[in-house]
1. Find the residue count for the stretch 93-104, including only residues that are open to solvent by 60 Å² or more (accessible area, probe 1.4 Å) and closer than 19 Å to Arg45 by Cβ.
2. Just the residues that are open to solvent by 30 Å² or more (accessible area, probe 1.4 Å) and either of a type in the set (D, E, K, R) or in a strand (DSSP E or B) (or both), please, taken from the stretch 64-81.
3. Among the listed residues His90, His47, His28, which satisfies the condition of being touching a strand residue (DSSP E or B) at 6+ places or on another chain (Cβ under 9 Å) and open to solvent by 50 Å² or more (accessible area, probe 1.4 Å)?
4. List the pairs whose first member sits in the stretch 105-116 and is more than 11 Å from Gly41 (Cβ to Cβ) and open to solvent by 30 Å² or more (accessible area, probe 1.4 Å), whose second member is in a helix (DSSP H, G or I) and modelled with pLDDT under 95, and whose Cβ atoms are under 7 Å apart, counting only residues at least 6 apart or on separate chains?
5. With respect to Val61, determine if the residue is open to solvent by less than 60 Å² (accessible area, probe 1.4 Å) and aliphatic (A, V, I, L, M).
6. Those residues that are in contact (Cβ under 8 Å) with a residue 24 or more places away in the chain and more than 26 Å from Arg52 (Cβ to Cβ), I need them from the stretch 27-39; list them, please.
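The values are calculated or read from the model by the stated rules, or taken from the named source; none is laboratory data. As the structure is a computational prediction, the values presented were derived from the model and not from experiment. Here the Cβ positions follow ideal geometry from the backbone for every residue, glycine too, while neighbour counts run over all protein chains shown. Areas reflect the complete protein model, heavy atoms only, side chains present, ligands, DNA and RNA absent. Shrake-Rupley method; radii C 1.70, N 1.55, O 1.52, S 1.80 Å.
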Amino acid sequence: MAARRASCSCGQLTVEVEGDPLRVSICHCLACQRRTGSVFGTQARWHREHARIEGNAIEYVRFSDEGEERSFFFCPPCGATVYYWIDPEHIGVPVGRFADPNFPAPRISVWEDRMHPWVGLPDGIEHIG
């Protein structure tokens, strides 16, 4: 299986994941907009057992727009969010943390009722909400 490596801005905190992501998605929820400082978040997910984390992280717990608890982990020196727990079995990684222009395109778009009207989406993407 191929490995992909994501890191924070300073390189102190990294996640290496094995294999292809289970899902790559765009989230337009207000919480993702605040977390990323952008108008949406783009993330990929894997089974936790396919991820190896190195470095020190600080955990920030917040609730999703649906009220589900999420734990986000960021680098203390540079402040970049590198991964988060989606549920007990899955890890999410912001796609930009891989710094790979060839990363697979998102196939799912969620919380579109909060999408900025000027945002364009890839052809063939699945629309949820």
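1. To start, the set of residues in the stretch 93-104 that are open to solvent by 60 Å² or more (accessible area, probe 1.4 Å) comprises 96-97, 99, 101-102.
Okay, now just the ones that are also closer than 19 Å to Arg45 by Cβ, so 96-97, 99, 102.
Count: 4.
2. Quick first cut of the stretch 64-81, residues open to solvent by 30 Å² or more (accessible area, probe 1.4 Å) only: 65-70, 74, 76-79.
Passing the criteria: Asp65, Glu66, Glu68, Glu69, Arg70, Phe74.
3. Numbers: His90 fails: open to solvent by 50 Å² or more (accessible area, probe 1.4 Å); His28 fails: open to solvent by 50 Å² or more (accessible area, probe 1.4 Å).
Testing whether each residue is touching a strand residue (DSSP E or B) at 6+ places or on another chain (Cβ under 9 Å) and open to solvent by 50 Å² or more (accessible area, probe 1.4 Å) leaves just His47.
4. Here the result reads Arg114/Leu30, each pair linking the stretch 105-116 to a residue that is in a helix (DSSP H, G or I) and modelled with pLDDT under 95.
5. Values: open to solvent by less than 60 Å² (accessible area, probe 1.4 Å): no; aliphatic (A, V, I, L, M): yes.
For Val61, the condition - open to solvent by less than 60 Å² (accessible area, probe 1.4 Å) and aliphatic (A, V, I, L, M) - is not met.
6. The answer is His28, Cys29, Leu30, Ala31, Gln33, Val39.
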